[in-house]
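Here the structure comes first, spelled out in structure tokens, and everything after it is commentary.
The values are calculated or read from the model by the stated rules, or taken from the named source; none is laboratory data. No experiment lies behind these values; they were computed from the predicted model shown. Positions of Cβ are backbone-derived with ideal geometry, glycine not excepted, and every protein chain shown enters the neighbour counts. We work out accessible area using only protein heavy atoms, side chains counted, and drop any ligands, DNA or RNA first. Shrake-Rupley method; radii C 1.70, N 1.55, O 1.52, S 1.80 Å.
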Amino acid sequence: MDLFEPKIIGFLCNWCSYEGVDSAGRSQMTYPHNFLPVKVMCSGRIDTQFILKAFSEGADGVIVFGCHLGECHYKDGNYHMMRRFALLKKLLSELAIKEERIQLEWISANEKDKFVMIISQMVEKIRGFGPLKISTKSNQHR
Amino acid sequence: MPETIGVFICECVSNIKDSIDIDDLISFALNLEDVAIAKPFNVLCSDEGKEFIKNGITENKLKRLVIAACSPKEHEATFKKIAAEAGLNPFLLQIINIREQCAWTTSNKHLATKKAERMLSSGIKRVHFHEPLEAYESDCNTDVLVIGAGIAGISTAISLAKKNRQVYLVEKQPVIGGKAAYYEKVFPSMECCSCMIQPLLNEVLENENIHLFTCSKVESVKGYFGNFNIRIKSFPRFVNPSTCIGCGRCSDVCPVIVKDEYSEGIGARNAIYIPTLTAVPHKASIDKKNCLHFSEQLCNACVDTCHFGSINFEDSEKIIEVNVGAVVIATGFELFDLKNAMQYGYGAIENIFSSLEVEILLNSTVPSGRIVLIKDGSQAKDIALIHCAGSRDKKHIEYCSGICCMNLLKIGHLLRKQLPHACISDFYIDLCLPGKEYQAFFNNIKENDRIDFIRIKNHDSLVISKENNRISLKYQDIVGEYRTAFFDIVILAPALKPSKDTLRLARLFDITLDRNGFFNEGYPILSPVSAAREGIYIAGCARSPMAMASAVVDALAVSGRISSTLIHGKKLKIEPLIAEISNDLCSDCKICTGLCPYGAIDYNSSTKTPSVNKVLCQGCGICASSCPSGAIICRHYTDRQINAEITGLLG
């Protein structure tokens, strides 16, 4: 049987976290191909609707990366994301989506090892959960 | 109408080509909607590559561009420029990072190609929704407000005034010069401080472009970078500074004698006074709290003496409004309050001084100055100098102020000159002597000044108390032995702290403080003199303890930053990546106005319209993701663009 390959959408803020993921690349560190990046200017820009959209379009997991608390390029955007994230977790459980399918992490531009560790562990975790099955229009088409 | 999208894929010599099947990627791209061309090139950022893209755009009449290459952090600007040169709005371009985030990190070529396909698809779907954007322009005022007329503030003001700008210099004291006006000598050169700074102080008065407001503070702030409106409150001086010649006859007849705060309470002054002999401006001012005219006695002694009719008891508070483009905060420092560290006995035992008090005692221009004496009037025989009082100590102040060691060494050196026969002992845990001059300064003192340097084990073991009319100092030496020594005078070097007004100014200007209470630098290393809020700059000890020379460096850095951004006759260029609010969709909830980290969203309640200030908005998008009505569009990161990107990645 083929190994299940989850699709994981990873939101990256333009500053610390995008740089952090780039630095893993520049160091030619291998990490799972399942990580599919979306760049935004600030983690505070990430609307809960983007995350729900990702699940409805077939993502098996979503991970949000932002600058460490206190290091946001826009002062406090990551705090807004953190608050939104807590609410989103509750919402997901009401939609019968395991709240562990979403994850919020802070990485700085030089934390390439931390990024690779987090994304590798997340892929393994989501692999264990299996594909996300939700009844949406786009799902029925497939 | 179908849009003509061009896809260019960089092979990056072998960096991308070895890990991703370029041919597969090309045929994948050509099957996507509206893709007119999809072409590989060896190195797109080379001159040949740039020409290749430009020709591709014009020959195929491309309307949108997707470039799959290295990280946008590397070459987004390069490719934007090429697009613009080929007549395409640079915002109609999307970069796909298939090198750093795909080719270099995926071990298997097949999987890497599949991931690259998803990424490319996301870029093509996203670019459909890209809109041409143009940079905005805004008028700017090139004048500057400087708060604090210490050495940092004065140096900033003089430097900017030379650039033909109007500089409004606000100082809360009646005199300028800040703490530097206290110093007799400066380390490490031991130059006469007064001789060094006096010309600068006079230049402040004489320069037509500098408008000095003494006895004043900033009351309110409106506006943004390039266009601030500031209200300054000036407190009454009760002496007309334009007619007062500073003769001091008024002080001679004033019957009131109070402690002089300019000499840290060591000396005395009258209710009408000129703080120091070298005070600039050299004008009298009246301390209303202590003046008898304002009491029931209605004293008029000074009025009767003044030949110039300068005294005006009717003088009142004034509000002055100024418009400036930038604000410089240079509010300096104060000393750690030694009364909070009981072990040093400061305030409880006589003849224990802070370093700043001794500076004043040594200063020949302060009325009380010249010789350090024991309070009974006799000369001290045994003097202790103690480093790090309250600093590098987690109980009080954790950081090292970096200049107190040099300051205390300087005091030791000056004392040795004054009291050639006294025994001077210097107690330290470590000495902080960085840079090219400080170590030599210390070596010189150690060799020539007969000062006994005693290394102690830690702060906690040091206790000062009074025994038989002398000051006893108990400490643990470096090998751990408990010892006691007796002194006539103890001089403590406390840490430098942010000045008292710091928190009020931080709130007024909506800028943050660091964990030690100093103003936060926007980026401590690359942009140390800018606050996080655009147009607000911080110089000198207001941002970190530093020596005078460094404060001047800060001042010149601020001046350079302002001169290169606010230019006479030029408009401010504003990136178009900002938020816009649709008035039709807005439901007037005003959630966004409170969330914006820059206060960029204004809601006009009479017309019920929200608006985004283009200069203040930094394009983070926090408002857009929080708007319950979907009324806010975050340009270049719109909902439609991000949703399309997600669809493309997962399709």
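A few points about this structure:
- Verdict on A:ILE118 being assigned to a helix (DSSP H, G or I) and under 13 Å from the mean Cα position of the chain (by Cα): yes
- A residue that is in contact (Cβ under 8 Å) with a residue 12 or more places away in the chain, among the small types (Gly, Ala, Ser) and closer than 23 Å to B:LEU496 by Cα occurs somewhere in segment B:398-409.
- Index of the failed condition, A:GLN121 passing every other in (1) open to solvent by 70 Å² or more (accessible area, probe 1.4 Å); (2) closer than 21 Å to B:LEU650 by Cβ; (3) modelled with pLDDT of 95 or more: (2)
- Test: residue in segment B:326-334 that is out of contact with any Gly (no Cβ under 9 Å at 6 or more places or on another chain) and of a type outside the set (A, V, I, L, M): yes
- Yes/no for B:LYS500 being in a strand (DSSP E or B), open to solvent by 40 Å² or more (accessible area, probe 1.4 Å) and not hydroxyl-bearing (Ser, Thr, Tyr): no
- In segment A:83-90 there is at least one residue matching the filter, namely being open to solvent by 50 Å² or more (accessible area, probe 1.4 Å), closer than 20 Å to A:LYS53 by Cβ, out of contact with any helix residue (DSSP H, G or I) (no Cβ under 9 Å at 6 or more places or on another chain) and more than 12 Å from chain B (Cβ to nearest Cβ).
- Residue ranges of strands (runs of 3 or more DSSP E) in segment B:149-226 with at least 2 members open to solvent by 10 Å² or more (accessible area, probe 1.4 Å): B:210-213, B:216-224
- Segment B:1-49, residues that are among the hydroxyl-bearing types (Ser, Thr, Tyr), farther than 16 Å from B:MET119 by Cα and without any contact (Cβ under 8 Å) to a residue 40 or more places away in the chain: B:SER14, B:SER46
- Single residue of B:LYS114, B:LYS73, B:LYS81 found to be within 14 Å of chain A (Cβ to nearest Cβ), open to solvent by 70 Å² or more (accessible area, probe 1.4 Å), closer than 24 Å to B:ARG635 by Cβ and assigned to a helix (DSSP H, G or I): B:LYS73
- Filtered residues of segment B:519-560 (kept if over 24 Å from B:ASP143 (Cβ atoms), touching a residue at least 12 places away in the same chain (Cβ under 8 Å) and away from every other protein chain (no Cβ under 14 Å)): B:CYS541, B:SER544, B:PRO545, B:MET546, B:ALA547, B:MET548
- Filter pass, B:ARG483 being modelled with pLDDT of 95 or more, in a helix (DSSP H, G or I) and surrounded by fewer than 21 Cβ atoms within 10 Å (Cβ to Cβ): no
- A:LEU3 vs. criteria more than 10 Å from chain B (Cβ to nearest Cβ) and aliphatic (A, V, I, L, M): yes
- Per-region count, segment B:134-184, residues modelled with pLDDT of 95 or more and of a type in the set (Phe, Trp, Tyr): 1
- Applying the condition of being within 7 Å of chain B (Cβ to nearest Cβ) and in contact with a helix residue (DSSP H, G or I) (Cβ under 9 Å, 6 or more places away or on another chain) to segment A:25-36 and asking which residue is nearest to B:LYS114 (Cα to Cα) yields A:HIS33.
- B:ALA485 away from chain A (no Cβ under 14 Å), among the hydrophobic types (A, V, I, L, M, F, W, C), in contact with a Cys (Cβ under 6 Å, 6 or more places away or on another chain) and within 26 Å of B:GLN418 (Cβ to Cβ): no
- Every condition in (1) closer than 19 Å to A:GLN28 by Cβ; (2) away from every other protein chain (no Cβ under 11 Å) holds for B:ASP139 except the one numbered (1).
- The residues of segment A:13-36 that are open to solvent by less than 10 Å² (accessible area, probe 1.4 Å), under 22 Å from A:ARG127 (Cα atoms) and among the hydrophobic types (A, V, I, L, M, F, W, C), listed by number, are A:VAL21, A:PHE35, A:LEU36.
- Failed condition for B:LEU492, given (1) assigned to a loop (DSSP other than H, G, I, E, B); (2) surrounded by 13 or more Cβ atoms within 10 Å (Cβ to Cβ): (1)
- Of all residues in segment B:471-481, none satisfies being touching a residue at least 60 places away in the same chain (Cβ under 8 Å) and under 37 Å from the mean Cα position of the chain (by Cα).
- Filter pass, B:ASP588 being among the acidic types (Asp, Glu) and within 14 Å of chain A (Cβ to nearest Cβ): no
- The residue pairs whose first member lies in segment B:182-204 and is of a type in the set (D, E, K, R), whose second member is modelled with pLDDT of 95 or more, and whose beta carbons are closer than 6 Å, counting only pairs six or more residues apart or on different chains, are B:GLU203/B:ILE158.
- Test: residue in segment A:93-105 that is open to solvent by 10 Å² or more (accessible area, probe 1.4 Å), assigned to a helix (DSSP H, G or I) and facing chain B (nearest Cβ under 10 Å): no
- Filtered residue count, segment B:427-453, keeping only those that are open to solvent by less than 80 Å² (accessible area, probe 1.4 Å), of a type outside the set (Phe, Trp, Tyr) and outside any loop (DSSP other than H, G, I, E, B): 4
- Segment A:47-65, subset among the acidic types (Asp, Glu) and within 7 Å of chain B (Cβ to nearest Cβ), residue farthest from the chain's Cα centre (by Cα): A:GLU57
- Within segment B:87-111, the residues that satisfy the criterion of being more than 9 Å from chain A (Cβ to nearest Cβ) and either within 41 Å of the chain's Cα centre (by Cα) or crowded, with 20+ Cβ neighbours inside 10 Å (or both) are B:LEU88, B:ASN89, B:PRO90, B:PHE91, B:LEU92, B:LEU93, B:GLN94, B:ILE95, B:ILE96, B:ILE98.
- Filtering segment A:37-46 to residues that are more than 7 Å from chain B (Cβ to nearest Cβ) and open to solvent by less than 10 Å² (accessible area, probe 1.4 Å) leaves only A:SER43.
Quick grid of which residues meet (1) part of a loop (DSSP other than H, G, I, E, B); (2) touching a residue at least 60 places away in the same chain (Cβ under 8 Å); (3) in contact with a Pro (Cβ under 7 Å, 6 or more places away or on another chain):
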residue	(1), (2), (3)
A:MET29	yes, yes, no
A:PRO37	no, no, no
A:VAL64	no, no, no
A:LEU69	yes, no, no
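- Residue tally, condition buried (at least 24 other Cβ atoms within 10 Å of the Cβ) and either aromatic (Phe, Trp, Tyr) or part of a loop (DSSP other than H, G, I, E, B) (or both), over segment A:71-82: 1
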